[in-house]
Structures are given as C-alpha cells and as structure tokens.
Amino acid sequence: MGDLSTRSLEIKGRIRVASSTSWRNKAESGGREKSEQFIVPNRLPVMGLARGRDCLSDTGEAMNFEPHSKAEQTTKFKLTLIAKKAKEEPKLKFTSLMHLLNSEYLTQCFKELKAGKAAGIDQRTLESYTADEIERAIDELISRLKSYRYRPKPVRQVLIPKANGKLRPLGIPTVMDKVLQLAVAKILEVIYEPLFLDCSYGFRPKRNAHESLKALNHMVMGKKVNWIIDADIEGFFDNVEHDYLIRCLKERISDPNFLILINRFLKAGVMVTGKLEPTRKGTPQGGIVSPILANIYLHYCLDLWFKLRKRRQLKGYAEEIRYADDFIIGVQYKEEATQVLRDMETRLATAGLTLSKEKTRIIEFGRYTKDNHHKRGGGKPPTFDFLGFTHYCGKTKDGRFAMKMRTSRKKYAVAIKTQAQWLKNIRTEPIEKIWKTLALKLTGHYQYYGLSGNFISIKNYYQQTRKLTFKWMNRRSQKKSWNWQDFEEYLTRHPLPKPRITYAIYNTW
C-alpha cells in the first residue's frame, strides 16, 4: 500500500511540471503570470506549474519524451491525474504532454476508431490493417514523432450536399492521422473540460443536443427572457484563425512540441481533385480533433467574453446557450439585446469571425410576445430554428405560456428526401435486409426528434416513410409486388417501429 502511494506521488510530480522561466515570470509579476487580454477578456491570471521532471529546460526545449515510469503507470492513469489537476487548478499550465503519446496509448486509440469509414488519400481503411501492420504503423508513427519528422498527410476533401443546395466540404484524414488526432483530442479534453462553461453543450462528455434544447426551454419559460438573439457565424470552421487558436491553447499548455503538433494538423492541407491546396486558416470538418479545438476557440472568444465582461454590463437578465458554433442568447430588454449583438460582432471580428447578416437577427420571444403582437395588431409571433427544431410561442392546456417546438421544415424535407433516395437505391436488395435497416433509420429519427411536443412531426415522418416504402417496394421489378392491403398485412407480421417520445423537455425547472 505504501509503495502504491509513493508511485502515485511520483507520477503527480512528473505531471506538475514547470520550467525555471515560468517561475521567474511568476516572481516578476508578483506571483502570477497574466493571460493576454486579447484572449481572456478580463486578464485572468494563469499560474505556472510546480517543479518536477519531464519538463522544459531552462532554454525552453522539451526534455524526456519517453515517460520514466514503470509498466503499471499507464497513460490512462496519467490522464486521470491530469484531469484531476486541471479541475483543482484552473489556472495551471501543462508543460510536458508529448510523452503521453506512447505505443500503448496510440494502440488503444486505434481500437477506438469506428469501422466502416471512408479512406484518406492513402486509400487505406481501418479494416485493411492487420495486427502486425498496426504495430509496425504505430512504431513508425512514434519514431517520426520522436525525431520531429512527423507530418500529417493532407486530408481528402469530399463535398456533402446541404439543405440549401450548397455543398459542405468534409475533410477525411488517413487512418494513422486519425489515431494521433484522437490521442491529442482526448488529452485536450481532460485539460479543458473543467474550464468550459455550463452554457456550452456541443461535443462534451455527458452533454448533447437534447440537454441544450432542454436548457433553452428552461431559460425561456423560467427566466425573464423577452428577446432572442438568433446568431449564426458565417463559415465558422473555414475561418478559424490558426494564430488565435494557438494563443488560446497556450492559456493551458506550454509544451512547444505538443503545440507544434496541433499546428501541423491545422496546416496539413487539403487534396482537391488531385491538387494540394494549403490551409492558412480554418479546421477541416471531419477531423477528430476539430470539435474540441472549436470548443476551445469559442470558449475564449465568445463564452468567457459574454460571461465575464458583457453580461456584467447589463441591467437585465441575459444568458447564452451554445452547441458547437450554433448559439442562442436570451435577453430581457430590447436595447440591451441590440447592444450585445453590436458588441459581439466586434468581439468575434478580433478572432477572424463574422456573423451572417441574412441569418442573424433579434426577435421578440417570450411569455408576453403573443399579447404584445395582438395589441399591435400584428400576425403570428416570430419563430426561430435551433438544432433542427423550430421554436414557437404556444400555450399549455390551462392557457399558460409555453415555448413549443417542432421539426424544422428544412430538416423534415431533407429527412424525407434522403429516405426516398435510400429506398430507391436499395429496392432490389433482399426485403429482410431492407426492413432491418429501415427499422434502425426510423428508430434513429425518433431518438433525436422524439422530444416532448413534437409527436405530430415524427408521426408524419412515419406515415411518409410508409408511403415511400410502399412506392419503391412495388418497383423492385416490372411486376407490381403489393397492393395496399397486402402491404398492411405485411406490416402486421413485420411491424416497423412506431413513433414515440424519447426525451422529456417539459419537466420542472
């Protein structure tokens, strides 16, 4: 027992590391090292780490890439300790992280990758690697990391159609680059997760879009919200400034080699129709590390700014709810909503971001909206879309105000169109295979859109799917397979999942 405690203390000492330079800066600044105001709005102090091994030398160079640890001191245990220190000391900087990228850790990351994904520019899929090839590839990857020769391969660009008819570029890294990205993303997560604010819900453990929608519902129905800022960042992932992102990362990380590795991910380039295009800004959508980098970026340029500076200047209530780059701000007074939007545009501009003029707006929305519109002789109160749902002012059965939601028309139309195209493409497959996949697709739709108050939308989706299935199953050959009565009898014997509510939004606050 005593040996285990000693080992634990040794590992803690290795994780809590700092260079003598950090301590000199701390002494010169009166015991604290300040952050850049450009990143953190109120100059939050950032303290150095305790002395220890596996640290930066006095010249600032990284030392001891390999961990001086025994077999039982696994990377998972080290990540747990890092997470603990990150939570206990939110101003602490980590100066030695590269040694975590060892063979054991990268092998585990390889196993965690999802199968069935598209290949990168090397045309290798996850399934194409044998056990011996995995070991050799990871050893080669570590060798290149140690000798500073690692360069991620350019991502392969695939264009995905959007609801508005435009195309969304999706970047597909190679398998081994995915392994390293996942390893880096997990390290960044344990370091930054304790810092992220409660208003952030996207791509975080134990948080999802449903929790974000629930928080929005509680904010509008339980707080003094009369105005909604419906904001949309223009091409967020394409306009992330690399220098600004690195400055954000330096708020918690002082390992220069780890920062260089992330910078190389950002500047890997994109292969478009056989031609390499450099990436001077933006993060590739589809990269495993991109979501956590996006959260870090918006945490510093938006979330902290709103909470620590802007909200303190307001007299009335104001709250932000963000899921990745989609966010809503509820405000009590119209003049303050206008002020927040104006100042937010200026703030985002410092990070190279702009708000979409067509999609960003301030709308009246809250418990008094219907009455106000009725007094002014107006029509229906305005609505807004967030995370695939249209939110509108409604009433409960006893006449009280309620914010209700339904599947947005755009998302519903895309879902039906996608379903029809899929049924058309696979209509010649065995009926048992079609039915099994169709059941999974319906269940997945209910899992996301089956929220309180949205039963009519998912019921309509179910009915439209039945009609489309009947249509395309009758086109499996030149001869008509079913009439409607035969189809209903088949559904009785082989029923498809019925629509059902899967997540409760309207519970008590």
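The values are calculated or read from the model by the stated rules, or taken from the named source; none is laboratory data. This one's a predicted model, so the numbers in the text were calculated from it and none came from an experiment. Here the Cβ positions follow ideal geometry from the backbone for every residue, glycine too, while neighbour counts run over all protein chains shown. The protein model used for the area step is the full one, side chains on, heavy atoms only, and it has no ligands, DNA or RNA in it. Shrake-Rupley method; radii C 1.70, N 1.55, O 1.52, S 1.80 Å.
A 1.4 Å probe run over the protein chains yields, for the stretch 118-275, 44 Å² of accessible area per residue, whole-number rounding. In the stretch 241-328, Cα pairs under 8 Å separated by at least six residues give a relative contact order of 23 percent. Partner aspartates and glutamates whose Cα lies under 19 Å from the Cα of Lys375, excluding those fewer than 8 positions away in the same chain, are identified as Glu364. Determine the share of the stretch 218-327's accessible area contributed by carbon and sulfur atoms, expressed in whole percent, with a 1.4 angstrom probe. The C+S portion of the solvent-accessible surface of the stretch 218-327 is 48 percent.
Heavy-atom surface analysis with a 1.4 Å probe gives the stretch 73-163 a carbon and sulfur content of 53 percent of its accessible area. For Arg168, the residues 5 or more places off, or on other chains, whose built amide H falls under 5 Å of its own are Ile160, Lys162.
Between Ile246 and Phe455, what's the calculated FRET efficiency when r is the beta-carbon distance and R0 is 41 Å? Round to 0.05.
0.30
Pairs from the list Lys84/Lys315; Lys84/Lys307; Lys162/Lys397; Lys85/Lys223; Lys334/Lys359 with a Cα-Cα gap above 27 Å: Lys84/Lys315; Lys162/Lys397; Lys85/Lys223. Each residue was assigned an accessible area with a 1.4 Å probe, and for Glu345 the value is about 90 Å².
Rolling a 1.4 Å probe over the heavy atoms of the protein chains gives the stretch 317-402 an accessible area of 51 Å² per residue. Ligands, DNA and RNA left out, the accessible area of the stretch 338-487 computed with a 1.4 Å probe is 51% carbon and sulfur. Cross-link check: pairs Lys111/Lys498; Lys267/Lys310; Lys186/Lys281 evaluated at a Cα-Cα cut-off of 29 Å; pairs beyond the cut-off: Lys111/Lys498; Lys267/Lys310.
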